[in-house]
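The values are calculated or read from the model by the stated rules, or taken from the named source; none is laboratory data. Bear in mind that the values here come from a model prediction, so they are computed numbers and not experimental data. Glycine gets a Cβ as well: all are built from the backbone with ideal geometry, and neighbour counts include every protein chain shown. Heavy atoms of the whole protein, side chains included, go into the accessibility calculation; ligands, DNA and RNA do not. Shrake-Rupley method; radii C 1.70, N 1.55, O 1.52, S 1.80 Å.
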Amino acid sequence: MSRLKLFLPLVIFVVLALLFWRGLYLNPQEMPSALLNKPVPEFSLQKVADNSQIVEKKDLPNGPHLMNVWATWCVACRVEHPYLNTLAEQGVPIVGVNLKDEDQAAIKWLEKFHNPYLYSLADRDGRLALDLGVFGAPETFLVDSEGTIRCKHVGVVDNKVWQTKLQPLYEKLKNQRWDDIVGELSDSLISRCQ
């Protein structure tokens, strides 16, 4: 028994080394979403810009839209923000989910860098983000007109991500229901949205 105890640290080291080695080959952009093709979770949150206004799931836009999880403390969100402004100028509806931030900091951020959001939800304790399965900010969800999450992107949304991943699906969802287009979608587009 004492000899087995001598080899225990070696066994633990080997197991951990194998796990870390495997982790080197995983792509953090390809994190499957447990909520893909499921409804946006129920929520009731105040707006960042107006604490007197409460928004619930039923108040989300009727058509396809993006839900963007962001924060003032998030460096990548600062990188992403100008492109979100561009999308908003093109008429893409975006709902912000301000993650674990102070309202005044978020308001100043939006004043300084412009506001691409229809409104931003004050997710002060991170409950909605947790329910969405968010790992960090930024993360963006494409939600269809029925309130179902159809695509998730972890990381910065830029022109390449928009044109190759989100826009093709967004454009189809503007004119058709999911059930009508699912057969038309390529396997590569569907796999990119997971």
(message) Taking the criterion of being among the aliphatic types (A, V, I, L, M), at negative phi and within 12 Å of the chain's Cα centre (by Cα), would at least one residue in the range 60-68 satisfy it?
(response) yes
(message) Quick check on the range 137-152. Is at least one of its residues under 13 Å from the mean Cα position of the chain (by Cα), surrounded by fewer than 21 Cβ atoms within 10 Å (Cβ to Cβ) and of a type in the set (Phe, Trp, Tyr)?
(response) no
(request) Restrict the check to the range 97-119 and report whether at least one residue is under 19 Å from residue 60 (Cβ atoms), small (Gly, Ala, Ser) and buried (at least 19 other Cβ atoms within 10 Å of the Cβ). (result) no
(request) Please specify each residue of the range 57-91 satisfying the condition of being open to solvent by 10 Å² or more (accessible area, probe 1.4 Å) and of a type in the set (Val, Ile, Thr). (result) 72, 75, 79, 86
(request) Return the total of residues in the range 111-151 being assigned to a strand (DSSP E or B) and not β-branched (Val, Ile, Thr). (result) 10
(request) Show the residue pairs that are 6+ apart or on different chains and have beta-carbon atoms under 9 Å apart, the first residue being within the range 57-85 and closer than 20 Å to residue 111 by Cβ, the second being open to solvent by 30 Å² or more (accessible area, probe 1.4 Å) and polar (S, T, N, Q). (result) 78/72; 83/159; 85/115
